[in-house]
Amino acid sequence: MRMSKLLMPTLREVPAEAEIASHQLMLRAGLIRKLAAGVYSYLPLGLRSLKKVEQIVREEMDRAGAQELLMSALLPAEAYQASGRWEVFGPSMFKLKDRNDRDFCLGPTHEELFTQTVIDNVRSYKEYPMTLYQIQTKYRDEGRPRFGLIRGREFIMKDAYSFDLDEKGLDESYKKMYDAYCRIFTRLGLDFTIVDADSGAMGGSGSQEFMVKSPVGEDGIAYCDACGYAANYEKCECIPEPKEQPEGELDLEKIETPNAHTIDELVDSLGMEAYNFAKTIIYKADDKYVAVMVRGDRDVNEVKLKNLLGCTDDPELAEPEAVREITHAKVGFAGPIGLGIPVYADKEVALMKNFVVGANETDMHYKNVNIGRDFEPDTVADIRVVVTGDKCPKCGASIKSEQGIEVGHIFKLGTKYSDALGLTYLDESGRNKTVIMGCYGIGVTRCLAAAVEQGHDENGIIWPVSIAPYQAIVVPANYKSEEQMAEAERIYAALCDAGIETLIDDRNERAGVKFKDADLIGIPVRIVVGKKIGDGIVEYKERKMEKAEEMAAEDAVARVAEFIRSNI
């Protein structure tokens with residue numbers, strides 16, 4: 001491809017709305033352009049890389065025995081209503097009506113539709129096991145679309161669904177997808193970690209996420225070097241660790257705490273450590289209010305809370321007006337004693353003695369509070385966020401944590417959707433049984449962003465060879481030099497003949513501009529044809545190399561070919 005003809009609108013300045021490296025660089029390199037919040041178009045370079053990701057995914061899914069099909073993105077409501085997810089997805093689902101007032105949605109995910117496809121088209125138990133997949137555009141009306149392709153409202157996803165006769169068959173299908181995912185992310189050049197995960201709205205008995213470690217990741221990863229345990233924050237079990245407590249129960253005491261609304265303010269006011277306090281936080285869960293208690297130095301894990309409550313929508317912090325009505329006090333002084341709504345306490349709170357809580361009275365707290373004597377929580381459960389230094393739930397060693405970007409997720413769905421929609425089969429004895437399902441997703445567009453997050457420097461993107469928009473670039477340093485242009489054209493033709501996807505920068509630009517653009521868009525290897533071409537010498541430089549190497553033109557062509565073959 002000739003860069004003089006390439007639609008590549010690079011930007012020298014960082015766009016104001018771009019907060020993270022992948023978003024900044026993909027905009028600056030002319031890979032994507034924003035159409036609306038969380039909605040992007042893909043320009044030629046971006047689309048080439050996107051299609052390469054799709055092809056790697058497709059090859060490995062096919063290798064694992066899955067069959068590709070394509071569903072509509074415009075989906076009727078009935079299947080989602082039957083499974084209960086028409087309500088579960090809530091405002092994140094794009095819903096619309098046709099001219100006949102029939103309900104539709106833009107597909108957020110396709111479990112129901114794949115299930116219905118099997119119901120309508122599979123006639124015998126002998127046709128199982130079966131795994132079907134598609135690479136399709138999904139739509140979710142994110143409350144806060146951000147970070148470019150990391151969290152969008154429109155995105156491309158590979159979703160696959162396995163259908164088995166029994167749990168043993170599901171285990172086998174799950175293992176095939178697990179192995180396929182490892183091959184996919186390895187071929188994509190991603191440094192990934194596999195963690196136990198929460199199944200969320202997808203349901204099912206178990207799941208694992210494939211995470212790319214990144215400081216800008218939205219998901220927390222808890223892991224143990226001692227035993228290899230890894231889980232995301234939503235799933236990781238927290239082992240309660242009691243602090244040293246005074247023996248015996250002290251007398252309950254109400255104390256004045258003027259203007260001490262937060263734990264930090266209480267710590268300063270009372271001269272106590274944060275772990276001596278228990279926070280009482282009022283949440284709205286669907287149509288009811290609940291109080292949630294965690295130690296003062298901990299945070300509520302809202303996914304664990306949602307699972308515990310079994311609510312349809314994500315729990316939300318109660319509005320200040322509701323807090324005042326429930327507690328009869330300003331926000332910041334809620335406590336469990338005489339509260340009048342259900343109280344859910346974390347396991348660590350149940351181990352505390354003589355601690356401090358809000359008194360449900362403005363500027364007042366209770367001191368020396370003890371469970372059993374002063375109040376009794378309705379439920380005690382693990383509802384806090386794991387932190388570095390917690391005990392590993394598997395071996396007891398110290399947990400470490402990092403942020404990560406979820407790029408893949410595999411679920412053991414069991415019979416959640418087959419039960420809801422009636423997917424059954426008659427076995428060889430004529431008995432009616434339920435089909436067992438699995439679900440396997442990859443964020444195709446998110447993989448692009450994750451690759452850039454892991455592969456970039458101050459000059460631009462450093463693509464893995466397997467998904468770079470082009471593999472090599474030939475740069476004649478002086479556009480006006482007939483000798484340089486002629487040799488650049490010859491090298492370009494030789495690389496193309498060798499099957500290498502190659503750019504030639506035939507623009508009438510200064511060499512420095514060409515080098516900056518090549519680095520910005522992340523072309524893995526570059527040959528520069530400069531002043532020494534009269535002696536048959538060119539410069540060879542891989543994107544990760546600090547300095548270029550001089551060598552004969554023919555050697556450079558061979559070196560490029562070898563580099564691409566060994567890194568593809």
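The values are calculated or read from the model by the stated rules, or taken from the named source; none is laboratory data. Remember, it's a predicted structure, so these values are computed and weren't measured experimentally. Using ideal geometry, Cβ is built from the backbone for each residue, glycine included, and neighbour counts are taken over all protein chains shown. Please note that ligands, DNA and RNA were not included when accessible areas were found on the heavy atoms of the full protein model with its side chains. Shrake-Rupley method; radii C 1.70, N 1.55, O 1.52, S 1.80 Å.
Quick notes
- Per residue, the accessible area of the chain comes to 45 Å², computed with a 1.4 Å probe over protein heavy atoms only.
- Considering only alpha-carbon pairs that sit under 8 angstrom and 6 or more positions apart, the relative contact order computed for the range 439-568 is 27 percent.
- Among 13-21, 501-509, sorting by the average number of other beta carbon atoms lying within 10 angstrom of each residue, highest first, gives 501-509, 13-21.
- The range 285-379 shape via C-alpha gyration tensor axes, a/c threshold 1.5: oblate
- For the range 47-197: rounded, prolate or oblate by the Cα gyration tensor [a/c cutoff 1.5]: oblate
- Loop-resident trypsin sites (Lys or Arg not before Pro) (DSSP state other than H, G, I, E or B) in the range 315-373 with no more than 12 further Cβ atoms inside 10 Å of their Cβ: R373.
- About the Cα centre, charge dipole magnitude for the range 149-267 (Lys/Arg +1, Asp/Glu -1 at Cβ), debye: 1060
- Dipole orientation for the range 157-297: of the candidates I282, I184, C227, I184 has the Cα lying most toward the positive pole (charges on Cβ; Lys, Arg +1; Asp, Glu -1).
- Distance-filtered residues of the range 355-380 - backbone nitrogen under 13 Å, label point 7 angstrom along L270 Cα→Cβ: 355-360, 363-370
- The chain - percent relative contact order, Cα under 8 Å, separation 6 or more: 17
- Extent of the chain along its three principal axes (Cα atoms, max minus min coordinate, largest first): 94, 70, 53 Å.
- Links that overshoot a 29 Å alpha carbon limit, given the list K284/K367; K158/K514; K367/K394; K52/K176; K175/K235: K158/K514; K367/K394
- Peptides 137-148, 253-264 ordered by average Cβ neighbours within 10 Å, highest first: 137-148, 253-264
- Computed Kirkwood radius, in angstrom, where 1/r is averaged over Cα pairs of the range 467-568: 13.2
- Between E256 and R431, the contour length at 0.36 nm per residue exceeds the Cα-Cα span by 56.0 nm.
- Distance between the pseudo-spin-label points of E483 and K547 (7 Å out from Cα toward the beta carbon): 2.5 nm.
- Using a 4.7 Å Cβ-Cβ cutoff, the cysteines of the chain lacking any partner cysteine are C105, C182, C236, C238, C311, C439, C447, C496.
- Förster radius 30 Å - calculated FRET efficiency between S92 and I341, Cβ distance, rounded to 0.05: 0.65
- Value of D in µm² per second that Stokes-Einstein yields for the range 219-273, Kirkwood Rh from Cα pairs, at 10 °C (1.306 mPa s): 103
- Restriction of the GluC sites (Glu not before Pro) in the range 167-251 to DSSP coil positions whose beta-carbon has at most 13 other beta-carbons within 10 angstrom yields E218, E244, E247.
- Taking all protein chains as they are arranged and a probe of 1.4 Å, the heavy atoms of L308 leave approximately 70 Å² accessible to solvent.
- Helix-only mean residue ellipticity at 222 nm for the chain, each DSSP H run of n ≥ 4 adding -39500 (n - 2.57), per residue, nearest 500: -8000 deg cm²/dmol
- Student exercise, the range 386-514 dipole from Lys, Arg, Asp, Glu Cβ charges, in Debye to nearest 20: 900
- Overall, the anisotropy analysis places the range 422-492 in the prolate class: the square-rooted eigenvalues a ≥ b ≥ c of its C-alpha gyration tensor yield a/c not less than 1.5, with a/b exceeding b/c.
- Options I119, G84, A548, ranked by Cα towards positive dipole end of the chain, top entry (Cβ charges): A548
- Peptide packing for 77-87, 187-197 was compared via the average number of neighbouring C-beta atoms within 10 Å per residue; ordered from the highest value, the list is 187-197, 77-87.
- Extension gain (nm, one decimal) between S398 and A350, 0.36 nm per residue minus Cα-Cα: 15.1 nm
- The range 430-568 - percent of accessible surface contributed by carbon and sulfur, probe 1.4 Å: 46
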